[in-house]
Amino acid sequence: MQAIKLVTFDATNTLLKFRIPPWQYYALVARDYGFTGSDDALEAQMKDSLKLMSKQHPNFGQSDVNWRCWWHKVVKLTFKNHLPASVDVDKIAMQLIDEFRTTKCWTVAYGSSKLLQLLKKNGVTIGVLSNFDPRLNDILCNNL
C-alpha cells in the first residue's frame, strides 16, 4: 500500500468554526447601531437572505457580482425592517464583511491543529478545497 501524499479539507466546520453563530455576531454588531430585535428573528431573516442570494447569485455571486457585493446585499436583506431608518446599513455591512475575516468570528475546530501538525510531520501535503469567498486565505492564515 502506498503512503498518503495529499489530504484535502473543507474549511468551515472542519478546520475552522464560527466562534458564535453568524446571526448572533450580526446582532452583537447591530446592537451598537440600535438593533433591539431577537437573535431568533435575525437568524430566520439571515437564513432567508442567504437562501435568496444563493438562488439569485450562486457561489457568492461568482458569475455576476463580486463576493463583497454579495455579502453586502445579504447584510442589507438580513437587517431589512430590523434597524432604525437613520442607521447606515452600508457601514454595518462593511464592518461585518471585514470582521468575518478575523479571529473575532473564527476559531480553530477541535483537533484540527493537532491533525494538521501530524500530517505535516509525516510529509503529507495539505490542501483546502472550498467554495468559500476570497477571505478564506486570510482566515486560514489568521487562525491556523
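What the table shows:
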quantity	calculated
When residues of the range 13-32 are limited to those that are of a type in the set (Ser, Thr, Tyr) and under 16 Å from THR107 (Cβ atoms), the one surrounded by the most Cβ atoms within 10 Å (Cβ to Cβ)	TYR25
Residues of the range 21-42 classified as under 18 Å from GLU99 (Cβ atoms) and in contact with a helix residue (DSSP H, G or I) (Cβ under 8 Å, 6 or more places away or on another chain), total	13
Residues that are part of a loop (DSSP other than H, G, I, E, B) and of a type in the set (Ser, Thr, Tyr), drawn from the range 104-135	TYR110, SER130
Criterion (under 30 Å from ILE126 (Cα atoms), among the charged types (D, E, K, R), exposed (fewer than 15 other Cβ atoms within 10 Å of the Cβ) and modelled with pLDDT of 90 or more) met by exactly one of ASP10, ASP40, ASP90	ASP10
Those residues of the range 48-63 which are loosely packed, with under 13 Cβ neighbours inside 10 Å and either under 14 Å from the mean Cα position of the chain (by Cα) or of a type in the set (Lys, Arg) (or both), in sequence order	LYS51, LYS55, ASN59
Filter result for the condition that a residue is outside the structural domain of ALA41 (by TED's automatic domain parsing), at pLDDT below 90 and more than 14 Å from PRO22 (Cβ to Cβ), over ASN142, ASN59, ASN81	ASN142
Selected residue (criterion: nearest to LEU16 (Cα to Cα)) from residues of the range 92-103 that are part of a helix (DSSP H, G or I) and in contact (Cβ under 8 Å) with a residue 12 or more places away in the chain	GLU99
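Yes/no per residue for (1) farther than 30 Å from LYS5 by Cβ; (2) over 18 Å from the mean Cα position of the chain (by Cα); (3) not hydrophobic (A, V, I, L, M, F, W, C):
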{"position": "ASP40", "(1), (2), (3)": "yes, yes, yes"}
{"position": "THR78", "(1), (2), (3)": "yes, no, yes"}
{"position": "ARG101", "(1), (2), (3)": "yes, no, yes"}
{"position": "SER113", "(1), (2), (3)": "no, yes, yes"}
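The values are calculated or read from the model by the stated rules, or taken from the named source; none is laboratory data. What you are looking at is a predicted structure, and each value in this text was computed from that prediction instead of being measured. No Cβ is skipped: glycine too gets one built from the backbone with ideal geometry, and neighbour counts run over all protein chains shown.
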